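Chemist: Take a look at this one; I'll ask things after.
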């Protein structure tokens, strides 16, 4: 049976301020959905609604046609969650915590041992698993976090800002873990780092100021922007003029006194020296943010 | 609840737990010697261990409850379940820590002297331990549920200080109602700081039961508050429920205080220090007493006073008799007489009786439970334990505390063996009762029963608590029965020593009441 996640008309207010309005999306089967958006766009609130931590003003979240809000206890095994700030009591060990999650998710002692052994090996936690959580590095905390999210074989895993606070090596490693998990379940990843998404996401949702501005596949997103992105190398004196006329979406140093730019131009009316290029996912994301 | 296993680990892996283990071990070990005598005494002296565990457990419980981790809230949706898991884990930790005093108790008590008192005292220790610790856990968890920031620790400590009762002198109650209230608030019971009556600790009476019930209701109150917070969705309904719970709680708690009010009596001064009450007894004196006393949970006394009348100025007789007793019948020379009560006095009309000798019969009854100003049990009756000392309250009709010697013939029916300053002339026992006759001349009547035994030493009859070894009693008597301790007393006339846990030494005729500590 295919897993199905359906989000219908979700709105959420906080102190009379609209945080989310009319959020709708749907996803079936396995794979990774990337929820992109700048800080303050409502990503974390949406995540918390999806795991049942917050109650929306309107709308509902259906997982395999069961409302998450009305079946919290029943669905605890179906949903895994790794919050942005994954913290637990500093004095306890990772093993204690995994054991606790296993208990809550109803695993018996045999299953518990088997699952923990598997996760410890899969996420390479054996060197720290018996140590105090307070002594873990950021990377180990995220690994333990994703390990606990996978207990109970959830069909739906939600991860908020998976690579925040990780060094480049840890990011790479963590992305590989997530790509692997995405072959087994639906994973929803919220991030403002486009690189995360480009690594493993099939579907992308862009959230801006509490509204969905894009909901589709990666190639669709790039296709929309295709033909609107130009790249050129200009003299540094011309920079202000270009900035005045175009939206710069990427910039890097070039030869001395020159700068390499990528700009958005929707009407082909661009100066010499700029050529049309195939947009990257990041270019497409920035394009949507700028709209 | 499987999740309590996790919280149990949070408790025991916390540094505070280690400190608790060290503190409990230290205080229990430090006072281990007194276990030779009494667990009750050990309970009092090692009470610091109890303070340490309750504070420690409360702090960890607050820490657990107040740290609201997103991941924990996600996987365990039921906040009330988390709260209860925390309490259960705290109770387990309390049990784990209880092993320390248990080990010390069982390795140091005097097994030869183990009897029903030892078992009662141990249960008392366990009850105080669990009541205090569970209260502390629930308090910490409740405050942590309501207040998430650092302020929760301060709030907990403030409430905790009030829960220590007046024994910790945070506030001094000014009247009996407030005294009972502060006693009830005390999670340890004030008895852990009062001088210990190890001779016959009066435990598990109605006051004790209500005191513990009060703590249980405090615990239930906090649990209910958290239940309302976590299960009632709208704020409007929440406040309604909070008010309802508070009202019900106040009604229950006040009812309990009112139930105890008539049972508890506190004397601030011994009789000898009471000011002259100006009793009008110039025209008569007591020649002798004859009493039939039934002492169980209630005292019933049919007291017959043989009175010699000289020049009765008024047509009335006045006796002291504590107001805790209800007078059932008064008669003079077999005829029913009118009487009135004014505080500790009973005033009987004589109706111009011309006889020079009067027999005044007074029948009265009442529950006796009196504590001293420092909250020690001093006067009480129960099925097993009796302490009827005549220098605390007027427990039998008398003219004053300095009355001259009278003849006593006292028949006592009790469920346990009695001891007195008067000679025992007869003692019978059937299946249920002891029948004891005390007869002799004396200036007062004192009756004791409880964990006592007797021995003869140097022509002295010594009545002493069973928890003290015979050899220690002999050493102690040798050291203390001399002119240094009793400079004005002719020691050669003494024929009986009663060692009890009263604070002061008292000499009545040929008997010395000696405190051992």
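The values are calculated or read from the model by the stated rules, or taken from the named source; none is laboratory data. Computed from a prediction, not measured in an experiment: that's the story for all the values here. In this analysis, Cβ positions are derived from the backbone assuming ideal geometry, glycine residues included, and neighbour counts consider all displayed protein chains.
Chemist: Among the candidates B:304, B:387, B:340, single out the residue that is assigned to a strand (DSSP E or B) and without any contact (Cβ under 8 Å) to a residue 12 or more places away in the chain.
Modeler: Matching residue, one of B:304, B:387, B:340: B:340.
Chemist: Next question. Residue by residue through segment B:1-41, note down the ones that are more than 30 Å from residue B:204 (Cβ to Cβ) and without any contact (Cβ under 8 Å) to a residue 60 or more places away in the chain.
Modeler: Across segment B:1-41, the qualifying residues are B:2, B:9, B:13, B:14, B:15, B:16, B:18, B:19, B:22.
Here's the yes/no breakdown for (1) under 21 Å from residue B:64 (Cα atoms); (2) in the same structural domain as residue A:162 (by TED's automatic domain parsing); (3) part of a loop (DSSP other than H, G, I, E, B):
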| residue | (1), (2), (3) |
| --- | --- |
| A:85 | yes, yes, yes |
| A:88 | yes, yes, yes |
| A:97 | yes, yes, no |
| A:106 | no, yes, yes |
| A:113 | no, yes, no |
| A:119 | no, yes, no |
| A:128 | no, yes, yes |
| A:142 | no, yes, no |
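Chemist: Also, I was wondering about something else. Conditions first: (1) assigned to a helix (DSSP H, G or I); (2) within 14 Å of another protein chain (Cβ to nearest Cβ); (3) in contact with a helix residue (DSSP H, G or I) (Cβ under 8 Å, 6 or more places away or on another chain); (4) surrounded by fewer than 22 Cβ atoms within 10 Å (Cβ to Cβ). Residue B:18 passes all but one, so which condition is the exception?
Modeler: (3)
Chemist: Related question: On the basis of being out of contact with any helix residue (DSSP H, G or I) (no Cβ under 6 Å at 6 or more places or on another chain), within 13 Å of chain A (Cβ to nearest Cβ) and surrounded by 16 or more Cβ atoms within 10 Å (Cβ to Cβ), does residue B:73 make the cut?
Modeler: So residue B:73 fits the description; yes.
Chemist: Restricting attention to segment A:43-60, report how many residues are more than 14 Å from chain B (Cβ to nearest Cβ) and not in a helix (DSSP H, G or I).
Modeler: Residues flagged as more than 14 Å from chain B (Cβ to nearest Cβ) and not in a helix (DSSP H, G or I) within segment A:43-60 amount to 5.
Chemist: So which residues in segment A:69-97 are touching a helix residue (DSSP H, G or I) at 6+ places or on another chain (Cβ under 6 Å) and either without any contact (Cβ under 8 Å) to a residue 40 or more places away in the chain or more than 10 Å from every other protein chain (Cβ to nearest Cβ) (or both), if there are any at all?
Modeler: A:94, A:96
Chemist: Evaluate the following for residue A:14: is it without any contact (Cβ under 8 Å) to a residue 60 or more places away in the chain, touching a helix residue (DSSP H, G or I) at 6+ places or on another chain (Cβ under 9 Å) and away from chain B (no Cβ under 11 Å)?
Modeler: yes
Chemist: Does at least one position in segment B:466-477 carry a residue that is closer than 30 Å to residue B:290 by Cβ and modelled with pLDDT under 85?
Modeler: No - not one qualifying residue is present in segment B:466-477.
Chemist: Can you give me the number of residues within segment A:178-199 that are in a helix (DSSP H, G or I) and closer than 18 Å to residue A:25 by Cβ?
Modeler: The initial filter retains those residues of segment A:178-199 that are in a helix (DSSP H, G or I), namely A:178-181, A:194-199.
Filter once more, keeping what is closer than 18 Å to residue A:25 by Cβ: A:197.
Going through segment A:178-199 one residue at a time, the tally reaches 1.
Chemist: Wholly within segment A:232-291, which strands (runs of 3 or more DSSP E) include no fewer than the required count, namely at least 3 residues that are closer than 30 Å to residue A:40 by Cβ? Steps first, answer last, please.
Modeler: Working: elements: A:247-253, A:258-264, A:274-276.
Output list reads A:247-253, A:258-264.
Chemist: Separate question: When you look at residue B:91, is it surrounded by 23 or more Cβ atoms within 10 Å (Cβ to Cβ) and either more than 13 Å from every other protein chain (Cβ to nearest Cβ) or on the phi > 0 side of the Ramachandran plot (or both), yes or no? Explain how you work it out, then say what you get.
Modeler: Values: surrounded by 23 or more Cβ atoms within 10 Å (Cβ to Cβ): no; either more than 13 Å from every other protein chain (Cβ to nearest Cβ) or on the phi > 0 side of the Ramachandran plot (or both): yes.
Spelling it out, it is not the case that residue B:91 is surrounded by 23 or more Cβ atoms within 10 Å (Cβ to Cβ) and either more than 13 Å from every other protein chain (Cβ to nearest Cβ) or on the phi > 0 side of the Ramachandran plot (or both).
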